[in-house]
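Here the structure is laid out as structure tokens; the discussion comes afterwards.
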Amino acid sequence: MVSGDPKQGDHNYEIAMDSIVFSLQSAGGISVYWYELLKRLQGRPSVRVFACRNSNIFERRLPRIFACESRLPVPLVRYLPFLQKLSPRTVFHSSYYRWASQPGVATITTVHDFTYERFGSGIRRLVHSTQKKQAILRSAGVVCVSQNTKRDLLHFFPEVDESRVRVIYNGVGEEFFPLASGQKHSLRRRFPELANRPFVLFVGARNGYKNFDKAVAVVSRMEGVGLVAVGGEPMQENESARLSASCGWFSHVSGIGPEDLNLLYNSAFCLLYPSAYEGFGIPVLEAMKAGCPVVACNLSSIPEIAGEAALLTRSPDVDELLVAMKSLNNQEVRAKCVEQGIARAARFSWRACAEETSAFYDEVAAREFGESLA
């Protein structure tokens, strides 16, 4: 167990945790969430952790105590109810919209966002939303990562029993913190192509609602500053060349761990996060905790998470974003953003997230199995 994390209680129920998300992505916000929960909960004697074959960068950081759920292909398993037989009086928590169909087992579902429902279309949206709805309606308890996500849940699935829904905020990793000026010199060693080059940071997928094109447009109007994108889909060489021509210079970084990402936050002019929709927005907190100013949009969950510690624009309009970005050239504005961002990020922790999640397991078990909470 990690010191200060949820204690090992004497439960009369078991916990099964399905790590299917590690097989669906090599990195990403949901992987971070699941990794941080497992890091704190998997040491409890009542917890069994299941996984399929994967190459996830966060899964590799965990102790190898995973049980194999199935040797069927992951593209099939992900859409099936959980396949292993579980003991009665088990709380089952899936990392990505699966449920245990056997009697005597209570399913917990975490809902991160409603991007498919808001921006998706066609068969992909239908398949995703159908699976999500089945998991939610079959769940004894539903975790939402923000009040904004809870509002979306009750909007898209109004038949959900609100009394079974809990908002439990994500946290921010201990790997993110301000570096001393001397420590920043390691950027030259880890990312030599970025050394001594001012850059704006963009973290996450580059699809439509994330407004990566807006970030490109903003940076293209800033003299002497480049754009560094972290994560997202692999990038073709011609795409990188096109973006370099637009931005002055451009670099794409992928497959890095939190320590390297912290180095980038510490070295960036700011995090530019023009997303029109987020279920939570983990990069916003990571940047703040690292002492990196944040420019984002006053939309969806972002104001709920960032509070007044980020420079928030009314919309992802390029002119609005550019004004906010240029205001960071004022050292008083910049220092205030850094100070308030560090203070804001301190209000969120993975320890608190794990403790509240563990308490929710107890609550669901008490209701479903007649467990005593004493």
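Against the list (1) in contact with a helix residue (DSSP H, G or I) (Cβ under 6 Å, 6 or more places away or on another chain); (2) among the basic types (Lys, Arg); (3) assigned to a loop (DSSP other than H, G, I, E, B), the condition Arg40 fails is (3). Between Ile256, Ile282, Ile302, the distinction of being surrounded by fewer than 19 Cβ atoms within 10 Å (Cβ to Cβ) and either closer than 21 Å to Ala343 by Cβ or within 19 Å of the chain's Cα centre (by Cα) (or both) belongs to Ile256 only.
Here Glu159 fulfils each of the conditions (1) loosely packed, with under 14 Cβ neighbours inside 10 Å; (2) within 18 Å of the chain's Cα centre (by Cα); (3) acidic (Asp, Glu) apart from (2).
Here Ala335 passes the criteria (1) small (Gly, Ala, Ser); (2) over 30 Å from Ile57 (Cα atoms); (3) touching a residue at least 40 places away in the same chain (Cβ under 8 Å) except the one numbered (3).
Among all residues of the range 7-17, there is none that is under 23 Å from Tyr361 (Cα atoms), crowded, with 18+ Cβ neighbours inside 10 Å, in contact with a Cys (Cβ under 9 Å, 6 or more places away or on another chain) and at pLDDT 80 or above.
Of everything in the range 220-242 that is under 16 Å from Gly204 (Cβ atoms) and either out of contact with any Gly (no Cβ under 7 Å at 6 or more places or on another chain) or among the charged types (D, E, K, R) (or both), the residue that is surrounded by the fewest Cβ atoms within 10 Å (Cβ to Cβ) is Pro234. Restricted to the range 127-166, and to residues there that are among the polar types (S, T, N, Q) and part of a helix (DSSP H, G or I), the residue that is farthest from Val111 (Cα to Cα) is Ser163. Annotation note: of Gly291, Gly341, the sole residue that is outside any loop (DSSP other than H, G, I, E, B) and either over 21 Å from the mean Cα position of the chain (by Cα) or modelled with pLDDT of 95 or more (or both) is Gly341.
For Phe92, the criteria (1) part of a strand (DSSP E or B); (2) touching a helix residue (DSSP H, G or I) at 6+ places or on another chain (Cβ under 7 Å); (3) aromatic (Phe, Trp, Tyr) hold in every case but one, which is (2).
The values are calculated or read from the model by the stated rules, or taken from the named source; none is laboratory data. The structure displayed is predicted, hence computed values, not measured ones. Backbone-built Cβ (ideal geometry, glycine too); neighbour counts: all protein chains shown.
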